[in-house]
């Protein structure tokens with residue numbers, strides 16, 4: 001699915017996006033600066049027919065802008081993992097030219113895989129604001145082709161190859177089991193004893209949505225920042241037009257936030 005947000009008014013909010021395949025962005029291919037929030041993005045794949053061609057962003061590929069990616073769950077997305085293939089960014093891949101700064105905040109990234117940056121990969125010359133995320137149990141964690149990005153207040157744990165490559169673990173960084181309730185069966189909430197439940201930077205941004213607030217989210221989210229994100233979705237959709245949206249693009253599913261405990 002392609003999302004064009006060059007005018008800053010596009011949003012994909014409250015969907016389940018799954019089982020997609022494309023060379024760039026198996027789940028979402030994003031251009032510009034839209035808001036991608038409160039979605040469950042799972043089991044998508046970036047594929048390439050040749051070892052010399054980049055395949056990137058199994059869950060989401062973003063280029064030429066400063067998108068906001070917040071309060072999403074990315075599970076089981078993948079790009080090629082063979083080191084001879086150009087698989088980058090199992091969950092997220094950003095290619096943002098100078099002057100742009102994508103924001104990646106309050107997301108949960110689990111079991112995503114790629115040859116580099118199973119959780120997230122930043123292309124050459126790209127930087128991003130990366131904070132208050134959980135990145136766990138993938139092939140690798142956060143990676144960048146160019147040094148300089150500092151990720152803060154993230155819980156990065158249990159990734160097979162490395163947790164950080166080309167990205168610096170800044171203040172508030174955790175390397176501990178995030179202790180999710182039952183993520184294998186789809187419950188991505190934090191347990192009461194999770195080390196991530198009380199470990200976050202102050203709020204980074206208001207709720208990243210241009211739609212009417214979802215009552216299910218409002219009931220389960222408190223005001224201070226957390227590292228985790230929505231838990232369950234009831235409806236599946238693999239298409240949502242990236243047109244200007246004064247309200248929702250359709251009736252959204254009912255995500256429940258896993259951001260618990262002030």
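Just so you know, all these numbers are worked out from the coordinates, no wet-lab data involved. Worth saying up front: this structure is predicted, and the values here are computed from it rather than measured. Glycine also receives a Cβ, built like all others from the backbone with ideal geometry; neighbour counts cover every protein chain displayed.
Points to keep in mind about this one:
- Global geometry of the range 2-220, whether rounded, prolate or oblate, following the gyration tensor of its Cα atoms and the 1.5 cut on a/c: rounded
- Potential lengthening between residue 7 and residue 50 on full extension [0.36 nm per residue; Cα-Cα distance subtracted]: 12.1 nm
- Separation of alpha-carbon centers, the range 90-168 and the range 35-84, rounded to whole Å: 11
- Computed E for residue 101/residue 162 - FRET, C-beta separation, R0 25 angstrom, nearest 0.05: 0.55
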